[in-house]
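Every number in this text was worked out from the coordinates using simple rules, so none of it is lab data. Everything quoted here is computed from the prediction, not taken from an experiment. Neighbour counts run over all protein chains shown; Cβ positions are idealised from the backbone, glycine included.
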Amino acid sequence: MNNKFLPVCKEDMAERGWEQLDFLFISGDAYVDHPSFAPAVICRVLEAAGYKVAILPQPDWRDTQSFQSMGKPRLGVLICGGNLDSMLCHYTAARKPRKEDKYSPGKEMGKRPDHATLVYTKIVKKLWPDLPVIVGGIEASLRRFAHYDYWEDKLLPSILTESGADLLVCGMGETQIREIADYLAGGASGEDLHYIRGTAYASESLDHVEDYVELPGYDAIRNDKKMLADAYRLQHENVDPFYGKILVQKNSHNLYIVQNPAAMPLTEEEMDAVYDLPYTRQWHPMYDKAGGIAALEEVKFSIVSCRGCFGSCSFCAIHAHQGRIIQARSHASILKEAKEMIQLPDFKGYINDVGGPTANFRHPACKKQLKAGACKDRQCLFPKPCPAIDADHSDYIKLLRELRALPGVKKVFIRSGIRYDYLLAEKKQQFLDELCRYHVSG
């Protein structure tokens, strides 16, 4: 594997013969070129589509010159707070400052501001007011409407109205970012981007919006806390890409937030294409002296086999971010990644995980989901498994056996969560036997 890192400075651009970028990606995390890190995925997708893209990791928000180190891009700026919400990186559940940031070099704190997406966007809009700014990632996605901020203990308006971003990518963004890039490259205006599925934007009026569901507004929620629960209920009911409606919410500054229906689930071929991109699977060498990026350690030898979750646990945001419909990679793509992993000099024979939000979900919950979506008024597994559920682990068992058989692999662990109610819903209990026999540490 002889893959190159994406450009991070002017010298890297010159080495590629580039005078100007198409897109500049600003990240609150250090640059790790691995498919478990969203900035790397989105930039690799753009690179594969033929765009000149570079990553600016953790710029100094106190010095605007650091944002201009690679010049003004031609088409737009992409901003992500990082793999985690920046407030979660900085503070514990007890609202105490953390001592380490595992997404920064040497676990050093203070490499990004609180509310990084908001801060970065305001700086870029001031520097280049005519340039489209697109925000995404978990921080932006889960703050697209009025929301309660646990660390500040107050209701905050949409990140769109407060930051001035032109567009927000909701959920996983590979499909949206290609469409956004192609529109901008074709000379489209900001308004032309307002029809892309899986995105949200701020608007002064709703004259152009049809067939929408209106959520309780920012002022209504401030006056009645129960309205926040009602707003979330309406979001949850419309998260499905097959029947979900356009959602609107009156927000701060007399602006409406308009969220388009969710992006369609990726096909197996599309999932493979994302994970087959030429990641180096390493942190950038500029972090070597600091000791690298600790967040890579847990996932470096892990493989994402699927995304989405029909478990719908009340404590978890994955179904709101990735949807309830399972999307899975082919065995060939996963085995290809495993073979590349085996060639890495520090691989010791252990694949740490093969899974996703829920490891033993390898296909949609039932046959109708890819035609009509997940049920709007019921859950797949609660209060008991649906009679229509397709509880079958045979494909996952076959995949795990193929991975165990690879030369150089000593053991394949499963560290992603497992839904045991789904496991027990299968008449055969072969997976439980193989799980205990081959895929746990004890």
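Data overview
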| quantity | calculated |
| --- | --- |
| Percentage relative contact order, the stretch 127-221, counting C-alpha pairs under 8 Å, at least six apart | 27 |
| Inter-label distance, nm, simple model (7 Å from Cα along the C-beta direction), residue 210/residue 267 | 2.9 |
| Hz values of 3J(HN,Hα) by residue in the stretch 141-147 - Karplus curve (6.51, -1.76, 1.60), Gly and Pro given as x | 4, 7, 10, 6, 10, 4, 8 |
| Contour minus Cα-Cα distance for residue 288 and residue 150 (0.36 nm per residue) | 46.2 nm |
| Among (i) 21.9, 67; (ii) 25.1, 85; (iii) 21.8, 62, the entry derived from the coordinates for Rg and Dmax of the Cα atoms in Å | (iii) |
| Cα centroid separation, the stretch 340-365 to the stretch 371-415 (Å) | 14 |
| Partners for residue 428 among aspartates and glutamates (Cα-Cα distance below 16 Å; same-chain residues under 8 apart left out) | 390, 392, 395 |
| Ordering of 349-355, 288-294 by burial proxy (mean other Cβ atoms within 10 Å per residue, highest first) | 349-355, 288-294 |
| Net charge contributed by nearby residues that have their C-beta within less than 13 Å of residue 373 (K/R +1, D/E -1) | +4 |
| Local electrostatic count, residue 140, Cβ distance below 13 Å [Lys/Arg +1, Asp/Glu -1] | -2 |
| Whole-Å distance, taken between Cα centres, linking the stretch 172-204 and the stretch 28-107 | 21 |
| Cα shape, the stretch 303-442, gyration tensor, a/c 1.5 rule | prolate |
| DSSP bridge pairs, the chain: antiparallel proportion in percent, nearest 5 | 45 |
| Beta bridges by DSSP in the stretch 10-259, antiparallel share as percent, to the nearest 5 | 40 |
| Theoretical gain in end-to-end length, residue 224 to residue 437 [0.36 nm per residue, Cα-Cα removed] | 71.4 nm |
| Cysteines without a disulfide-compatible partner [the chain; Cβ-Cβ under 4.7 Å] | 9, 43, 80, 89, 170, 306, 309, 366, 375, 380, 386, 436 |
| Distance-filtered residues of the stretch 226-240 - backbone nitrogen under 14 Å, label point 7 angstrom along residue 197 Cα→Cβ | 239-240 |
| Compactness relative to 2.2 N^0.38 Å, alpha carbon Rg of the stretch 206-304 | 1.65 |
| Partner lysines for residue 72 [C-alpha distance under 21 Å; skip if fewer than 8 residues away on the same chain] | 10, 52, 122, 125, 126 |
| Extension reserve of the residue 372-residue 402 stretch, reckoned as 0.36 nm per residue once the Cα distance is removed | 7.5 nm |
| Neighbour-count ranking [beta-carbon atoms within 10 angstrom, fewest first] of 11, 152 | 11, 152 |
| Listed residue pairs exceeding 19 Å between alpha carbons, taken from 245/376; 336/411; 102/410; 4/107; 336/367; 384/427 | 102/410; 4/107; 336/367 |
| Taking N as its residue count, the alpha carbon Rg of the stretch 10-259 over 2.2 N^0.38 Å | 1.00 |
| Cα-Cα separations in the stretch 1-42 greater than 13 Å, expressed as whole percent | 59 |
